[in-house]
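First up is the structure itself, then whatever we jot down about it.
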Amino acid sequence: MSMRWRTIRPGIALIGLCLIRVVAANPAQNPPLLLQETQAVPPTFKIAGTVVSAITGAPLERVRVSIADTRERMQKMEMITGDGGRFEFAQLPAAKYALEGRKRGYIASGYDQHEQFSTAIVTGPEFTTDRLVLRLMPMAMISGHILEEAGEPVRNAQVGLFTEDHGGGMNRVTRMNNTMSDDRGYFEFDLLPPGTYFVSARAIPWYAVYPRGQNGDSAQRVPSALNVAYPTTYYGGATDSEAAAPIQLKGGEHQQADIHLAPVPALRLVFRIPVEQPKTEQGEPPQPQNYFRMAILQKRVFDSLEFTQAAQTQMSEPGVFEIQGVPAGKYDITIRGGDPSDAEQLGEMDLTRDGQDLSATEGQPLASVKVTLKMPGDEPLPKQYAVGLRDLRERIVAFQQGTATGEVTFEAVRPGDYGLVMVGAGKRYSVVRTTSAVGVVPGHHVSIASGAALDLTAELAAGEVRIDGVVQKNGKPLPGVMVALVPNNPEAHVDLFRRDQSDFDGTFLLQGVIPGTYTIVAVEDAWGFEWLKAGVLARYVQHGQEVIIGEKMRGTLHLPEPVEVQSK
């Protein structure tokens, strides 16, 4: 065996010399074969770890784990964890990957997820990515019964679920879901993340009887024990949302929340409308005019106004309407008719007296707003877009789908201060100035007076710029940090904020940035705090990086210096 090897070896060496000579003689026509054979194979990497319960830390099996290159998120690789909750993706090129886990009964989550942001896993020789821990939060549940004064179930009660929302930089309580009680009075809300919740119930007593007849003349014939209503009642027994008992729900918990409804005397409310007799030819009897108007009752529920449904509304005589079955309390009242321009706001009224005449209160006419959009650089309107009015609590109070002409009209708008927003498919826009009869106003702020018929042009800017950079603490990149792009005068330019969460290598990317002057800040453990409140970010802005985005800038702006992480 060794003799044969020694015999063949000179021949192999001779062939090798010939190859080298040929390559040297014809470098343009003959590729360097030997060099190709010895080129290094690009290194590959591994993303691996364990999926555990965020409550107990116990490993979770049967979890669907996926990764996707952040540049091609639709192309996913998936696997199912087995015993021990282990997952592994091998032979991966150097890149950034979004890591996510899903399991029935748990909240789907990305790696180190906060709100809609998560940390991308970066593969490379300098990163340890094979001992990751992906935490999934078990979903929780609230259930209970709606019961009447005798302890009997109330069927078909409207049950509302509200939650404290800490996302988006401002704490508020918002309606999350609705359901109806069944014939046992039972309701449930499942698949809930941990948080603070409130539950409400409203219904009409099954035995209630309300007076009928002209101007309630038959009221004397209805026993007071039957002329009753259930006020909206919250878990804990309160009939006012400000006094509602919170339900602190932890991951995986099942909380019981029974609500007992108690009847109160029902009010009969009256509102009158002018009834005009149309002119007729001489000798013909006048015909009554079909003139439709109605009173809309709303009640403040946490941070919103919600409609209150009366038991019944009837016309007792021409031009006189009666609303029956309304519990006493404070209501915001609006009178509306078939013509949207013929609407008036009576405002908040304390309704306490039976037979109270709503029309005795002088109303405030509502406004209309016509908005004409002016696109940046005369670019065409998006194929799909919408325009909205947002109040000072960042709630959308009016919303209209866009038209091909770029004109949108809002009718019956309450007087007040609003932010004008435009949402288009595929790109972010901001209103940078408005023009109306009163002049030019910078920004998206719109002040609407009572009874106004406002006609304005909204000039838009498009978010054409991306900003990327890296955050660091004590000279080292730090993942999982909230990065905020803060505009000058942030309270007046809320729609210009941009946020991201730093990735495994400390990098971040802020997209759709509108031209303007900003400060970039990176704040550790800042998720869920009220950064939209006036002054909250002021102390961080003092130590941030200023960035100016010009109107003609496009593409990606790379920050030359790292952004230093500040403590919350």
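See the values below:
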{"quantity": "Any strands (runs of 3 or more DSSP E) falling wholly within region 227-302 and containing at least 3 residues that are at pLDDT below 80 and not aliphatic (A, V, I, L, M)", "calculated": "none"}
{"quantity": "Unmet requirement for Ser143, which otherwise passes all of (1) modelled with pLDDT under 95; (2) surrounded by 15 or more Cβ atoms within 10 Å (Cβ to Cβ); (3) of a type in the set (S, T, N, Q)", "calculated": "(1)"}
{"quantity": "Residues being in contact with a Ser or Thr (Cβ under 8 Å, 6 or more places away or on another chain), loosely packed, with under 13 Cβ neighbours inside 10 Å and over 29 Å from Pro194 (Cα atoms) - total across region 53-95", "calculated": "3"}
{"quantity": "Selection within region 453-477 - buried (at least 16 other Cβ atoms within 10 Å of the Cβ), of a type in the set (Gly, Ala, Ser) and in contact (Cβ under 8 Å) with a residue 60 or more places away in the chain", "calculated": "Ala458, Ala461, Ala462, Gly469"}
{"quantity": "Residue list for region 512-540, restricted to those being hydrophobic (A, V, I, L, M, F, W, C), surrounded by fewer than 17 Cβ atoms within 10 Å (Cβ to Cβ) and not in a loop (DSSP other than H, G, I, E, B)", "calculated": "Ala538"}
{"quantity": "Qualifying residue in region 495-511 (condition: buried (at least 21 other Cβ atoms within 10 Å of the Cβ) and of a type in the set (Phe, Trp, Tyr))", "calculated": "yes"}
{"quantity": "Which listed residue, of Thr123, Thr196, Thr129, Thr179, is out of contact with any Cys (no Cβ under 7 Å at 6 or more places or on another chain), within 30 Å of Ala538 (Cβ to Cβ) and hydroxyl-bearing (Ser, Thr, Tyr)", "calculated": "Thr196"}
{"quantity": "Flag if Ala360 is more than 19 Å from Gly463 (Cβ to Cβ) and not assigned by TED's automatic domain parsing to the domain that holds Arg336", "calculated": "no"}
{"quantity": "Set Thr7, Thr50: member being at pLDDT 95 or above and either surrounded by 14 or more Cβ atoms within 10 Å (Cβ to Cβ) or not assigned by TED's automatic domain parsing to the domain that holds Pro193 (or both)", "calculated": "Thr50"}
{"quantity": "Residue in region 383-399 that is of a type in the set (A, V, I, L, M), part of a loop (DSSP other than H, G, I, E, B) and under 24 Å from Leu532 (Cβ atoms) present", "calculated": "yes"}
{"quantity": "Residues within region 100-139 that are touching a Leu at 6+ places or on another chain (Cβ under 7 Å), farther than 17 Å from Glu78 by Cα and assigned to a strand (DSSP E or B), tallied", "calculated": "1"}
{"quantity": "Pairs, first within 13 Å of Ile520 (Cα to Cα) and aliphatic (A, V, I, L, M) in region 530-557, second at pLDDT below 90 and surrounded by 10 or more Cβ atoms within 10 Å (Cβ to Cβ), C-beta under 7 Å, six or more apart", "calculated": "Leu537/Pro490; Leu537/Trp531"}
{"quantity": "Those residues of region 368-422 which are under 18 Å from the mean Cα position of the chain (by Cα), among the hydrophobic types (A, V, I, L, M, F, W, C) and farther than 24 Å from Glu464 by Cα, in sequence order", "calculated": "Leu392, Ile396, Val397, Ala398, Phe399"}
{"quantity": "Residues located in region 342-361, provided they are small (Gly, Ala, Ser) and over 31 Å from the mean Cα position of the chain (by Cα)", "calculated": "Gly355, Ser359, Ala360"}
{"quantity": "Condition check for Arg353: at pLDDT 85 or above, assigned to a loop (DSSP other than H, G, I, E, B) and surrounded by fewer than 14 Cβ atoms within 10 Å (Cβ to Cβ)", "calculated": "yes"}
{"quantity": "Matching residues in region 546-565 - criterion: being in contact with an Asp or Glu (Cβ under 9 Å, 6 or more places away or on another chain), under 18 Å from Gly475 (Cα atoms) and surrounded by fewer than 19 Cβ atoms within 10 Å (Cβ to Cβ)", "calculated": "Leu559"}
{"quantity": "First in region 128-144 and within 11 Å of His254 (Cβ to Cβ), second anywhere and surrounded by fewer than 18 Cβ atoms within 10 Å (Cβ to Cβ) and aromatic (Phe, Trp, Tyr), Cβ under 8 Å, 6 or more apart", "calculated": "Ser143/Tyr186; Gly144/Tyr186"}
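The values are calculated or read from the model by the stated rules, or taken from the named source; none is laboratory data. In this text the structure is predicted, and so the values were computed from the model without any measurement. Note that each Cβ is placed from the backbone with ideal geometry, even for glycine, and that neighbours are counted across all protein chains shown.
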